[in-house]
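Here the structure is laid out as structure tokens; the discussion comes afterwards.
The values are calculated or read from the model by the stated rules, or taken from the named source; none is laboratory data. This one's a predicted model, so the numbers in the text were calculated from it and none came from an experiment. Cβ placement follows ideal geometry from the backbone for every residue including glycine, while neighbour counts extend to all protein chains displayed. To get the accessible areas, we keep the full protein, side chains included, count just its heavy atoms, and leave off ligands, DNA and RNA. Shrake-Rupley method; radii C 1.70, N 1.55, O 1.52, S 1.80 Å.
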Amino acid sequence: MPVSQKLVALSTFLCLGGPLIAAQTSPTPASSMETQQRIEKIKACLTGPVAVKNDPHSCHTLAERMTELHVPGVSIAVVHNGVIDWAQGFGVQQVGGKPVSTDTLFQAGSISKPVAAMAALHLVGEGKLSLDSDVNTELTTWKIPASSAAPSAIVTLRALLTHTAGFTVHGFPGYAANTAVPTLVQVLNGEKPANTDPIRLESVPGKDWKYSGGGYTVMQQLLLDVAKEPFPKLLHDTVLAPIGMMHSTYEQPLPAELQPMAASPYMADGAAVPGGAHTYPEMAAAGLWTTPSDLARYMIENQHSLQGNANHVLSRDLTQQMVTPGKGNWGLGLQIGGSQANPYFTHGGVNEGFESLFVEYEHNGEGAAVMTNAQGGMRLASEIMGSIAVAYDWPDFRPVVRTALKVDRSVLARFVGTYEIAPTFSVTFSLDGDQLMTQATNQPKFPVFPETETKFFLTVVDAEVEFFSDNKGQVSYLVLHQNGHETKGMKK
């Protein structure tokens, strides 16, 4: 993770509490009371990744957090014991509009990638593609250009799916209403009206892990050239329909007949995205419209396939390869986490005004999907996922509980100042009464809490900041502890 993204997780993982919408799939009578109790528990107490022990302000209701984060609508589906335990909508599709239902469509952003990866693997299972052959032999409409950064490089489908192919272009902003939309080849070449750089090799394939929407766009062209049919039809026929994801489509833009079912996107300040949803010709990377219930069906299919109980799209072997972690703890389209005994697969998604997250455990049939229609919704989705983890007793994602000490204001004042993490990224500490606050470059201000007189923790992200003094007793630098990494920042 780049240095500039470490504290930026403050915002990325870091109006309207609308009516509760009837669940799409009702719990069984024997468990309905227990399920309802869990739903109420989840709605009643959202926290950040870290909670302060004995602090009643650590807990917020779902409605409160939706209002605070300017998220008009949220849709949730929870998988328990291998089935959809409940699915409900909260808030509204658009401000002043109808409530979110379990059938409300959201743009999935990068969650498009693991679903598209399944289509590529389906073609592998049919013998139409190979995971480990040179994709340039199958690409016909466009070829991967030679690169001085990777002479004589051979790019494989496996490398594309695991983000190890070495391609440029992290992600895509999409195309606003009433603007020209490029062809896929124009996107690949960075030619107008494309709004992103050319997708090119910048390192030797297989050498490093680097997230690349560009690599998935190469994969999209590969699937088009091999299958010789439109990408939305290919995905419908090979993945969406066989799994039962009947409220999902890769059509871009969304067809007029489906638009009344779609949520409208909003910015972080609550303003509507001008012109509504952006169009994404980079369908494999960002083009999926779906619902949490359909994502739950995708997750359940994978979990059942791993057991050999359902193989509507992939064989058990291909599914196992899909969730086997490689570099960066990524499988074929999925990030893998958890313990060796109880792993999970996950992916997040961010499009303009849409942010979503799903998690599914491989073995125990637990998981959830959360979709929102606002920038900043990922933070809310992460908090909801943490509350679900508590309600269903998951081993991961539960908030870390820390104890805050009482430290005199005069001690806190020693840490006030700006600390340079990188030439374009700094962290500033200030006092708001007796509360020490931190603010990273281009980020909101957040409180930090003392564990000791020199070490502080945040609640919006699981990270610690430790201050160090020179031989004169003056605070001279800090060290950020996060995700197993340590990053130094010198005081200006």
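Descriptive notes on the structure:
- Ordered from highest to lowest accessible area with the whole protein assembly present and a 1.4 Å probe, Phe457, Phe172 read as Phe172, Phe457.
- Solvent exposure of the chain amounts to 40 Å² per residue of accessible area, where only protein heavy atoms count and the probe is 1.4 Å.
- Listed candidates (i) 24.2, 75; (ii) 25.0, 85; (iii) 23.0, 71 - label of the one calculated as Rg and Dmax of the Cα atoms in Å: (iii)
- Theoretical gain in end-to-end length, Asp269 to Ser469 [0.36 nm per residue, Cα-Cα removed]: 68.1 nm
- Sparse-neighbour loop sites [trypsin sites (Lys or Arg not before Pro); segment 372-417; at most 13 other C-beta within 10 Å; DSSP]: Lys406
- Proximal aspartates and glutamates relative to Lys210, as straight alpha-carbon distance under 12 Å, when same-chain residues fewer than 8 apart are discounted: Glu202
- When the surface is traced with a 1.4 Å probe over the full set of protein chains, Glu420 keeps roughly 80 Å² accessible.
- Distance from the C-alpha centroid of segment 53-85 to that of segment 307-385: 19 Å, rounded to the whole angstrom.
- Area accessible to solvent at Phe468, 1.4 Å probe radius, in Å²: 60 Å²
- Subset of Lys143/Lys192; Lys327/Lys491; Lys53/Lys455 violating a 23 Å alpha-carbon distance limit: Lys327/Lys491
- The fraction of accessible area contributed by carbon and sulfur in the chain is 53 percent, rounded to a whole number (1.4 Å probe; ligands and nucleic acids excluded).
- Computed [θ] at 222 nm, helices only, for the chain once each DSSP H run of length n ≥ 4 contributes -39500 (n - 2.57): -7000 deg cm²/dmol
- Bridge orientation summary for segment 433-492: considering DSSP beta bridges with both residues in this region, about 100 percent are antiparallel.
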